[in-house]
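K.L.:
Please read through the structure below; I'll follow up with questions.
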Amino acid sequence: MNTSSLHEYEKVPEPTLRRLPWYLSNIKLMKEKGERYVSSTQISKEINIESSQIAKDLSYVKVSGRTRVGYEIDELIRVLEEFLGFTNMHKAFLFGAGSLGRALLGDSGLQHFGLEIVAAFDVNPLLVGTSVNNIPIFHTSEFLQKMAEYPVNIGVLTVPINIAQQVTDDMIAGGIKAVWNFTPFRIRVPEHIVVQNTSLYAHLAVMFNRLNFNQIK
């Protein structure tokens, strides 16, 4: 990514970045149905987001549509995938090969979105030396050695919360530049490190709260 495109990327609000993959998935479904063009109004009907918001979000991507026709689907898919980084393969290490970690190792679909987990680390002797989906699981003590062998700059964190900060510190000291945190623990990192928190438990709490609220109305 060149300097000018990086500056444009930094201006994109995070809510917009979170919505763009929704648009991409919906547009791909339309393509499967034989559609060649799609408008923000059509996308709006499918995902219940205002068409004006969709048009504004797509304006960040620098893609233009045709009046009364909409966006050319193949071009929109190409531009969105490139903008979101899905066309470049980013290699990652996973830390914590428990049930959640192994589920992520088994998810080959991540590669369709530009993420390839190339190895995992754990201290459980029953897991070390095994593999999931042809991805090897090494002992955590081998992390620095493997950093020298693999071109990795992303760490996927699925360890117990009581060691989440320590493992994060070790990852960063070893050269990891971005952390995808699946633990409910809010890790602390230097400013130059990218963190994306994805707590399943937090989402469950919101769902349960809304469910209970709806039931007592």
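The values are calculated or read from the model by the stated rules, or taken from the named source; none is laboratory data. This is a predicted model, so every value here is computed, not measured. Don't worry about glycine lacking a Cβ; one is built from the backbone with ideal geometry, like all the others, and counts go over all protein chains shown.
K.L.:
It is to be established whether one or more residues within the range 63-76 are closer than 30 Å to LYS177 by Cβ and among the small types (Gly, Ala, Ser).
P.N.:
No, the conditions are met nowhere in the range 63-76.
K.L.:
Please determine, by comparing only the residues of the range 77-103 that are among the charged types (D, E, K, R) and touching a residue at least 12 places away in the same chain (Cβ under 8 Å), which one is nearest to LYS177 (Cα to Cα).
P.N.:
Ranking the candidates gives LYS91 first.
K.L.:
Let me ask you something else. Among what's in the range 60-80 and is surrounded by fewer than 16 Cβ atoms within 10 Å (Cβ to Cβ) and modelled with pLDDT of 90 or more, pick the residue that is nearest to LEU17 (Cα to Cα).
P.N.:
ARG78
K.L.:
Being among the hydrophobic types (A, V, I, L, M, F, W, C), within 19 Å of the chain's Cα centre (by Cα) and over 16 Å from GLY155 (Cβ atoms) is the filter here; which residues of the range 184-217 pass it?
P.N.:
Within the range 184-217, LEU200, ALA202, LEU204 meet the criteria.
K.L.:
I need the helices (runs of 4 or more DSSP H) fully contained in the range 106-217, keeping only those with at least 3 residues that are exposed (fewer than 11 other Cβ atoms within 10 Å of the Cβ).
P.N.:
200-216
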